[in-house]
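Worksheet for the structure shown next.
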Amino acid sequence: MALIVFGAIDIGVMMYCIAHQISYSSSFNLFAVISGIYLWRGHPWYVRFVTRAAAFFVGAFCVALLVFPFLFPLDLGLIELCLRPVETIGGMVAAVGVTVFLFWVCRQLRAPAVVAAYAKPGCTSGPPWLAFALAAALGIGTGAMVGLSLSGATARKAIELAKARTGDGYRYSVSHLSWSGDHGRARVVAYRDDSIKTVEVEW
C-alpha cells in the first residue's frame, strides 16, 4: 500500500509539472504502483526484485549525496537557498524523504517472516549487498566522469560563451554539457549574490 500511494503521489506531481511546464524527472511513478500491486499479490520473484531495486536506489542516493558537493558549487547552493528557499529546501526534503522511504521498504522486505516465506530454495537469502555495491560503483564512476567533463576544455569554452552574453560580475557553473565533434551545447548557470541566470550556449 505504501508503494502504491507513493507512486500515485509521484504521478500526480509529474502531471502537475507537465501541466505547468515545470521540469520534472522521476523513475518511480508507474513503476512504484506496479511494484506495490505485485507485492500485495505476493509474487515471489517480484518480492526479491523490489528488495534489490530498493537497495540499489538507496545506495545510489547515498553516494550521490557524497559526490554532489564535488560537482555543484557550494556558494551557488547557498545563494539558491537565500533566493529560492522554498524550492531548495523542498528539493532537499524530497530527496532525503525518498531515500528514507526506500530504506524502509528494503527493511520491510528483509523482515525475517518475509525472507522465510519468499526465499528461493538453494539460493542465498542474505542482505542485498551486491545491489549496494553496484549502486556505489555506478555513482562514483558517473560522478567522476561528470566531474571531469564539467571541468575540461569544453566546459571552459561554454563558460566563455556564457560570459560574453552576461557580462562581468558573475560566477559560472556548467550544469549540462553535450558535444559531438566540433559542435557542442551547454547549459551554464551564471550567478552572483543577488541573482541566478541560466544561459544556453551552442557552438
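The values are calculated or read from the model by the stated rules, or taken from the named source; none is laboratory data. Small disclaimer: the values here were computed from a predicted structure and weren't measured. Positions of Cβ are generated from backbone atoms using ideal geometry, with glycine treated the same way; all protein chains shown enter the neighbour counts.
Annotations for the structure displayed:
- The single condition among (1) under 20 Å from Trp45 (Cβ atoms); (2) more than 18 Å from the chain's Cα centre (by Cα); (3) hydrophobic (A, V, I, L, M, F, W, C) that Leu102 does not satisfy is (2).
- Matching option when the condition is surrounded by fewer than 16 Cβ atoms within 10 Å (Cβ to Cβ), within 30 Å of Arg48 (Cα to Cα) and hydrophobic (A, V, I, L, M, F, W, C), among Ala117, Ala136, Ala164: Ala117
- For Gly126, the conditions (1) loosely packed, with under 12 Cβ neighbours inside 10 Å; (2) in a helix (DSSP H, G or I); (3) over 22 Å from the mean Cα position of the chain (by Cα) all hold with the exception of (2).
- Taken together, the criteria exclude Val93 from residues that are within 24 Å of Ala144 (Cβ to Cβ) and under 14 Å from the mean Cα position of the chain (by Cα).
- Subset of region 16-54 (residues that are of a type in the set (A, V, I, L, M, F, W, C) and farther than 18 Å from Leu3 by Cα): Cys17, Ile18, Ala19, Ile22
- Region 19-53, residues that are farther than 30 Å from Ser149 by Cβ and among the small types (Gly, Ala, Ser): Ala19, Ala32, Ser35, Gly36, Gly42
- Taken together, Ile18, Ile37, Ile22 contain a single residue that is farther than 30 Å from Gly141 by Cα, without any contact (Cβ under 8 Å) to a residue 12 or more places away in the chain, of a type in the set (A, V, I, L, M) and not assigned by TED's automatic domain parsing to the domain that holds Thr99, which is Ile18.
- Residue in region 164-177 that is assigned to a helix (DSSP H, G or I) and over 18 Å from Leu83 (Cβ atoms) present: yes
- Restricting region 30-86 to residues that are touching a strand residue (DSSP E or B) at 6+ places or on another chain (Cβ under 6 Å) and part of a helix (DSSP H, G or I), the residue that is surrounded by the most Cβ atoms within 10 Å (Cβ to Cβ): Ile79
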